[in-house]
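Below is one structure; the comments refer to it alone.
The values are calculated or read from the model by the stated rules, or taken from the named source; none is laboratory data. Only a predicted model underlies this, so the values are computations on that prediction, with no experimental measurement involved. Here the Cβ positions follow ideal geometry from the backbone for every residue, glycine too, while neighbour counts run over all protein chains shown. For the accessible areas, the whole protein counts, side chains as well, though only heavy atoms, and no ligand, DNA or RNA atoms are used. Shrake-Rupley method; radii C 1.70, N 1.55, O 1.52, S 1.80 Å.
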Amino acid sequence: MDAPESRVPRDWLSEYLADHDTPCPQCGYNLRGLRSSACPECNERLVLAVRPAEPRLAWFVFGLVGLAGGAGFNVIVLGWALWVISFQRYGPSLGEFWPVVIGAPMLAALSGLWVWQRRRIARWSASSRWWMAWGGWGLTILWAMLFFARVR
Ligand SMILES: [Zn+2]
């Protein structure tokens, strides 16, 4: 049988602030002894939260820059290729631009996957995350080389 008080959620915020000098993250007012869940000075709602000591996101940003940069390059070149094909009477065919025809949707999808699966990838080992981030850069560089080999 549960004791009745165990069904009442503990007020961790008030318990913490009862004996800690803590500035309001919004206005800096000292919240020590606060009994409500909002700052009395600026009315900002407050929660007690657990955060990483250091948010290690370098691998994520690095991988995203590689993939999204590649996606952006391929989308721009694909747009330019479509413009050339549409308005130049004796222009090249779309097949001659196959690296960007494949690269634009592929790198855009991988960028989305990188963002969508960030929390899952964050559970991998540091070396696995960095290998994957470098892999994104490798794919982008490989696709740029394929493109420039075609247009040379
Ligand atoms: Zn405040």
- Please give, to one decimal in nm, the separation of the simple spin-label points placed at A38 and L82, each 7 Å out from Cα toward the Cβ. 4.9 nm
- Residue by residue through segment 54-71, the couplings from Karplus 6.51 cos²θ - 1.76 cosθ + 1.60 with θ = phi - 60°, in Hz, x for Gly and Pro, are 10, x, 7, 10, 4, 4, 5, 5, 4, x, 5, 4, x, 6, 5, x, x, 4
- Message: Show me the chymotrypsin sites (Phe, Trp or Tyr not before Pro) within segment 118-152 that DSSP assigns to loop and that have at most 13 other Cβ atoms within 10 Å of their Cβ.
- Response: W124
- Query: Taking amide hydrogens as modeled 1.01 Å from N in the peptide plane, which residues meet the under 5 Å criterion relative to N30, leaving out close sequence neighbours?
  - Reply: C24
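Leaving ligands, DNA and RNA out of it, report the carbon-plus-sulfur percent of the accessible area of the chain at a 1.4 Å probe.
Details: 6950 of 11160 Å².
The computed percentage sits at 62.
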- Query: Once label points are set 7 Å from the Cα along Cα→Cβ at both L94 and A149, what is their separation, rounded to one decimal in nm?
  - Reply: 2.4 nm
- Message: Need one value: the accessible area of R10 in square angstrom, 1.4 angstrom probe, rounded to the nearest 10.
- Response: 140 Å²
- Query: So what's the chain giving for Cα Rg divided by 2.2 N^0.38 Å, two decimals?
  - Reply: 1.76
- Could you tell me the accessible area of C27 in Å² (1.4 Å probe, neighbours in place), rounded to the nearest ten? 70 Å²
- Determine ³J(HN,Hα), in whole Hz, for all residues of segment 139-149 in sequence, where each value follows from phi through the Karplus function 6.51 cos²θ - 1.76 cosθ + 1.60 and θ = phi - 60°; x replaces Gly and Pro. 5, 4, 5, 4, 5, 5, 5, 4, 5, 5, 5
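Run the numbers for A18 and R119: contour at 0.36 nm per residue of separation, minus the present Cα-Cα distance, in nm. Kindly include the intermediate steps, with their values, before the conclusion.
Numbers: separation 101, 0.36 × 101 = 36.36 nm, distance 3.40 nm.
My answer for the length gained is 33.0 nm.
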- Message: Could you identify which residue out of L82, L17, L64 has the top mean-square fluctuation in a GNM of the chain using Cα springs shorter than 10 Å?
- Response: L17
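222 nm [θ] for the chain, helices only, -39500 (n - 2.57) per DSSP H run of 4+, per residue, to 500? Mind showing how you got there, number by number?
Working: 5 runs with 86 residues, N = 152.
After summing the helix terms and dividing by the residues of the chain, the value is -19000 deg cm²/dmol.
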- Probe 1.4 Å, heavy atoms of protein chains only: per residue, the accessible area of segment 68-152 in Å² is 68 Å²
- Task: Provide Y90, Y29 ordered by accessible surface of protein heavy atoms (probe 1.4 Å), highest first.
- Result: Y90, Y29
- Task: Give the accessible area for I121 in Å² (nearest 10); use a 1.4 Å probe, count only protein heavy atoms, and leave out ligands, DNA and RNA.
- Result: 10 Å²
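Sorted by accessible area (1.4 Å probe), largest first, how do W83, W114 line up? Can you show the working numbers first?
On the way: W83 140, W114 15 Å².
Largest to smallest exposure gives the sequence W83, W114.
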